[in-house]
1. Can you give the relative contact order of the chain as a percent, counting alpha carbon pairs under 8 Å and 6+ residues apart?
2. In deg cm²/dmol and to the nearest 500, what is the mean residue ellipticity at 222 nm of the chain if only DSSP H runs of at least 4 residues count, each as -39500 (n - 2.57), divided by the residue total?
3. Note down the nm distance, to one decimal, between modelled labels 7 Å out along Cα→Cβ at THR53 and at LEU132.
4. Suppose every K and R has +1 on its Cβ and every D and E has -1 on its Cβ; what is the size of the dipole of the chain about the Cα centre, in Debye to the nearest 20?
5. Using +1 at the Cβ of each Lys and Arg and -1 at the Cβ of each Asp and Glu in the chain, identify which of TYR151, PRO42, PRO133 lies farthest towards the dipole's positive end.
6. For VAL46 paired with ILE84, estimate the spin-label separation in nm (one decimal), with each label point 7 Å from Cα along the Cα-to-Cβ line.
7. If you compute Kirkwood radius over Cα pairs in Å for the structure shown, which of (i) 17.8; (ii) 16.0; (iii) 16.8 do you land on?
8. Considering only THR142, ALA17, ILE113, whose Cα is most displaced toward the positive end of the charge dipole of region 2-151, charges sitting on Cβ of Lys, Arg (+1) and Asp, Glu (-1)?
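Readers should treat all values here as calculations from the given coordinates under stated rules, not as data from a laboratory. Every value quoted in this text rests on a predicted model; they were computed, and no experiment measured them. So basically every Cβ, Gly included, is an ideal-geometry build from the backbone, and we count neighbours across all protein chains shown.
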Amino acid sequence: MLLRVVIFLILNFSALAIGGFFTGAGVPSEWYAELNKAPWTPPGWVFGAAWTTIMVCYSIFMAFLWKQLPSKKWLITLYAFQWILNVSWNPAFFYAHQVALGLLLITSLTLLIGYYFFGHIEKLKWKTIFVLPYLVWLLIATSLNGYILMYN
């Protein structure tokens, strides 16, 4: 179990690192600073703390799910798709300034993580709580991205 958690931690934090690389100046950039943002947009430091917590919890969730599912092919496919969506949002939004594409990517990611939560709650029971921070954060992030698209 511990080895699976460590492997998922490496994969998940590498996704954040790659996405972060493409963020460029990101939050402090002139482009982002001038956007009309949602009133519920959290301060910048919250994003790092949230993503750290999310990826630790998600790694634990994936380790439980890996152990529970007999067929790994579908899980690997979904995980890879999640990883690509997660990595792709930062360059689409912050680097290319493609807010609509960012919304498409983050909505797809939110639906996929929602599937993880609702699709496996019967098998994993209380252990699905580990994917809940990811789902809640994505719901918030999707609303923030949607607000930026609508009001800019």
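1. Values: 140 pairs, mean separation 52.2, N = 152.
Relative CO of the chain lands at 34 percent.
2. After summing the helix terms and dividing by the residues of the chain, the value is -25500 deg cm²/dmol.
3. Calculated label separation equals 1.2 nm.
4. Working: 8 positive and 3 negative charges, 147 e Å.
With only Lys, Arg, Asp and Glu charged at Cβ, the dipole is about 700 debye.
5. Of the candidates, PRO133 comes out farthest on the positive side.
6. Distance between the two pseudo-spin positions: 3.2 nm.
7. (ii)
8. Of the listed residues, the answer is ILE113.
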